């Protein structure tokens, strides 16, 4: 006989927090529209803009004796053009709309989401952990702007044990990238782990650390790639960590999340075999980057590796691609974007104590675009893909045994 009594979740698995926001038909339609608009703005419109630059703007400027041979010169030339203004306006609004499109369904489900997060933290059925530090000082580079145009940024908390920003970032990013679940994320981790296995088939990391882990979407695939590894993810934002912990515990994946500033971590020296990150360093000032890399050197054991997926350095791309990447500096609330890309990652790692001869910066093949290719592309290799279009830019180093 069926019972109408509420489910006693204390005796059940952790519910799937990702499914609790239930958009209405109208909301789902809006999200799909935002996905399509954002994809058009980031993929199709830049090609149209480039054609307009090559066919019209560049010849006109050349006739006036102007040499558009660097990103700044191209920016000055394109800024007043109608084609750029339309592109930039559409791209900005598409970015913002992706996160706004999920807020209504999140607000309705927030009490239930918080309950699930609390349950995960109390029970830890997968064996993971969640360690928060309410006294941790948030750096100004996090609190000054809503990074990525995400309302409330990553760290804001509106109620006790809040997960709202974790939901906005996670579910908004699905709309942003037109993916349906965290299982379709983690592409960076799959690319890097495949490359590591190819380069070092005997490498068996015991502990892995993901810097700026957010909700762990690019950490969980490493646990699957290296069975038995102890996985640790650090981030400044408690709502993201609560969300990610609930996801991992529901999936039965053991991850240790902690709220820390990657500039000064509390792990002992030589604690990790593998240190990774994805889209992290361009979000922080260069002076913070130097501290984080010094921490990586301290925390890495002999024989260990670090691999950071990032945006390609300025010196490695042509003037137009450099101009394209730098759009986010002024328009997407990512003020350190250009300054980070202007650095030489090899030199940054050397300054942090890594051996220059063991440092690398290269393009790894995307798993979907090159399913049979496991080794990195050479910079001078004909047909080498661009970052984000068939390949992923990474930099890193390793320590000798």
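Of note:
- Test: residue in segment 255-272 that is within 30 Å of residue 15 (Cβ to Cβ) and buried (at least 23 other Cβ atoms within 10 Å of the Cβ): yes
- Meets criteria (part of a loop (DSSP other than H, G, I, E, B) and over 18 Å from the mean Cα position of the chain (by Cα)) for residue 268: yes
- Matching helices (runs of 4 or more DSSP H) fully within segment 280-347 where at least 2 residues are within 16 Å of residue 397 (Cα to Cα) and not assigned by TED's automatic domain parsing to the domain that holds residue 95: 286-299
- Within segment 114-138, tally of residues that are in contact with a helix residue (DSSP H, G or I) (Cβ under 7 Å, 6 or more places away or on another chain) and either in the same structural domain as residue 234 (by TED's automatic domain parsing) or under 30 Å from residue 288 (Cβ atoms) (or both): 5
Table: residues versus (1) farther than 27 Å from residue 23 by Cβ; (2) touching a strand residue (DSSP E or B) at 6+ places or on another chain (Cβ under 8 Å); (3) surrounded by fewer than 20 Cβ atoms within 10 Å (Cβ to Cβ).
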{"site": "92", "(1), (2), (3)": "no, no, yes"}
{"site": "98", "(1), (2), (3)": "no, no, no"}
{"site": "103", "(1), (2), (3)": "no, no, yes"}
{"site": "115", "(1), (2), (3)": "no, no, yes"}
{"site": "122", "(1), (2), (3)": "yes, no, yes"}
{"site": "141", "(1), (2), (3)": "yes, no, yes"}
{"site": "146", "(1), (2), (3)": "no, no, yes"}
{"site": "151", "(1), (2), (3)": "no, no, yes"}
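- Residue count for segment 359-385, restricted to those that are in contact (Cβ under 8 Å) with a residue 60 or more places away in the chain and either surrounded by 14 or more Cβ atoms within 10 Å (Cβ to Cβ) or touching a strand residue (DSSP E or B) at 6+ places or on another chain (Cβ under 7 Å) (or both): 6
- Selection status of residue 118, closer than 18 Å to residue 241 by Cα and not in a loop (DSSP other than H, G, I, E, B): yes
- Any hit, segment 341-358, residues being over 30 Å from residue 150 (Cβ atoms), in contact with a strand residue (DSSP E or B) (Cβ under 9 Å, 6 or more places away or on another chain), at pLDDT 95 or above and surrounded by 20 or more Cβ atoms within 10 Å (Cβ to Cβ): yes
Results for (1) in a loop (DSSP other than H, G, I, E, B); (2) assigned by TED's automatic domain parsing to the domain that holds residue 332; (3) within 21 Å of residue 333 (Cβ to Cβ), shown as yes or no for each residue.
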| position | (1), (2), (3) |
| --- | --- |
| 66 | yes, no, no |
| 73 | no, no, no |
| 76 | no, no, no |
| 80 | yes, no, no |
| 83 | no, no, no |
| 88 | no, no, yes |
| 93 | no, no, yes |
| 96 | no, no, yes |
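- Some residue of segment 21-30 being in a helix (DSSP H, G or I), in contact with a helix residue (DSSP H, G or I) (Cβ under 8 Å, 6 or more places away or on another chain) and modelled with pLDDT under 95: no
The values are calculated or read from the model by the stated rules, or taken from the named source; none is laboratory data. Just so it is clear, the structure is predicted and the values come from calculations on it, not from any experiment. Cβ coordinates were reconstructed from backbone atoms using ideal geometry, including for glycine residues, and neighbour counts include every protein chain displayed.
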